[in-house]
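Single-structure report; data block below.
Each reported figure results from applying straightforward, stated rules to the coordinates on display, with no laboratory input. In this text, all values refer to a predicted model and were calculated from it rather than measured experimentally. For neighbour counting, all protein chains shown are included, and Cβ atoms are generated from backbone atoms with ideal geometry for every residue, glycine included.
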Amino acid sequence: MSNSPFISNCTADAIRDAALALKAGHLVAFPTETVYGLGADARNPEAIKRIYEVKGRPTDHPLIVHISSLNHLDKWAIDIPEYAIKLARKFWPGPMTLILKRSEIAGDFITGGQDTVGLRVPSDPIAQALITEFEKISNSAIAAPSANRFGQVSSTSGSDVLEELGQYLNDDDRILDGGNSFIGIESTIIDCTRLRPMVLRHGFVTKENIESELEICIPDLVRAPEVKFSGSFEKHYAPKCKIYLGKQEIHGAAFFAMGDIETPNRMERLGAPVTVQEFARTLYSTFRLADQKGFTSLVVDSPKGDGIAIAISERLMKAAQGR
Ligand code: TXA
Ligand code: MG
């Protein structure tokens with residue numbers, strides 16, 4: 001493991017120092033309320049190139065640009081539809097990413113050559129402070145994918161980031177630790193380039209939340225081949241152990257389900273969340289725990305219903321690959 005600075009006490013000085021590191025072209029991993037991000041200066045092609053290297057991610061896979069508030073939106077996007085502004089007013093700062101037509105400053109190296117850009121205003125106080133500070137000194141913003149190796153489980157704590165990416169970072173990079181992510185699954189991604197919004201990735205801001213805010217019905221996802229998002233990759237969000245869905249009885253396997261579901265015979269219970277929110281918050285750490293404990297199989301019974309349950313089962317379907 002490298003001796004990359006792991007900063008567990010995010011004072012104003014530490015934030016300022018991290019913003020300067022970004023300005024100098026280094027990488028800064030930081031907490032958000034969804035999952036941790038691996039950040040770089042969104043206008044620095046060399047710095048962005050390192051994100052792709054550290055993640056091991058193909059460069060045609062676009063990054064989300066993190067801004068401090070709605071006020072910075074029209075710097076990065078053009079032709080913003082009225083409904084997108086409404087959503088931004090309602091759900092930002094928060095776990096929502098809007099896909100919009102890009103402005104000139106959103107380069108090919110962050111959009112994967114597409115003419116759209118993903119934008120998000122996180123609510124986590126450390127993320128807010130870092131982005132605000134960086135915007136002040138740079139006239140830029142922070143491009144950041146989730147802080148994990150490509151195809152692996154997103155990081156929901158600073159120590160997850162260290163474990164995932166520590167060996168790929170160098171001494172000038174930073175990991176800002178902010179404890180456990182409060183939401184624990186990635187932001188809702190909404191395509192705002194069409195007449196009506198379309199949810200590309202489900203999350204804590206649900207389809208129902210969007211419909212009630214806009215007072216319209218929105219269509220279900222049509223997998224347009226030109227739109228690139230996580231769903232276009234078969235395996236994703238996956239730990240090393242095999243994930244199985246439902247209540248399958250696999251002797252010696254680990255088991256994770258809502259608290260009111262009984263543990264099948266001869267399996268080890270790894271968690272018993274009481275609410276769907278708690279299920280989402282602890283899902284990825286449970287994946288990691290199963291790996292740490294050396295399990296080769298983890299059976300997960302996904303909570304039923306609409307809303308966040310859909311976001312959870314979306315991740316689980318990809319992790320389980322039909323098992
Ligand atoms: O909660 C989150 O969204 C976290 C935190 C760090 O903000 N970020 C995150 O980033 O999950 P990432 O890169 O792991 O996932 C973002 C997804 C990718 O699958 C990417 O393809 C998609 O968003 N995306 C980004 N820009 C896009 C665009 N212009 N059009 C379509 N999809 C886009
Ligand atoms: Mg990711």
For the pairs Lys23/Lys55; Lys49/Lys247; Lys90/Lys136; Lys207/Lys247; Lys23/Lys240; Lys101/Lys304, note any where the Cα-Cα span goes beyond 31 Å. Lys49/Lys247; Lys23/Lys240; Lys101/Lys304
For Gly271, what residues show an amide H to amide H distance below 5 Å, using hydrogens built from the backbone and excluding near sequence neighbours? Ala257
Mean separation of Cα contacts under 8 Å (6+ apart) over length of the stretch 6-214, as relative contact order %: 32 percent
Tell me the GluC sites (Glu not before Pro) within the stretch 67-151 that lie in a loop according to DSSP and have at most 16 other beta-carbon atoms within 10 Å. Glu104
Would you pull out the residues with amide H under 5 Å of Ser297's amide H, same chain only if 5 or more places away, H placed 1.01 Å from N? Lys242, Ala254
So how long is each side of the stretch 67-175 along the principal axes, counting just the alpha-carbon atoms, biggest first, in Å? 43, 30, 29
If one puts a single equal scatterer on every Cα of the stretch 242-319 and applies the Debye formula without solvent, what log₁₀ I(q)/I(0) results at q = 0.16, 0.22, 0.24 Å⁻¹? -0.50, -0.97, -1.17
So how far apart, in nm, are the two label points at Glu53 and Asp171 if each is 7 Å from Cα heading toward Cβ? 1.7 nm
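Kirkwood hydrodynamic radius (Cα pairs, Å) of the chain?
Taking every pair of different Cα atoms in the chain, averaging 1/r and inverting gives 19.9 Å.
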From the square roots a ≥ b ≥ c of the eigenvalues of the alpha-carbon gyration tensor of the stretch 156-296, which class results: rounded (a/c under 1.5), prolate (a/b over b/c), or oblate? oblate
Helical contribution to [θ] at 222 nm, DSSP H n ≥ 4, -39,500 (n - 2.57), averaged over the chain, rounded to 500: -9000 deg cm²/dmol
Considering the chain as a Gaussian network with a 10 Å cut-off on Cα pairs, which listed residue, Ile216, Ile185, Ile51, attains the greatest mean-square fluctuation? Ile216
Loop only per DSSP, at most 14 neighbouring Cβ atoms within 10 Å: give me the trypsin sites (Lys or Arg not before Pro) in the stretch 164-225, ordered by residue number. Arg194, Arg223
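For the stretch 254-318, which GluC sites (Glu not before Pro) are both in a DSSP coil and crowded by at most 14 other Cβ atoms within 10 Å?
Working: sites: Glu262, Glu268, Glu278, Glu314; in loops: Glu262.
Qualifying residues, ordered by number: Glu262.
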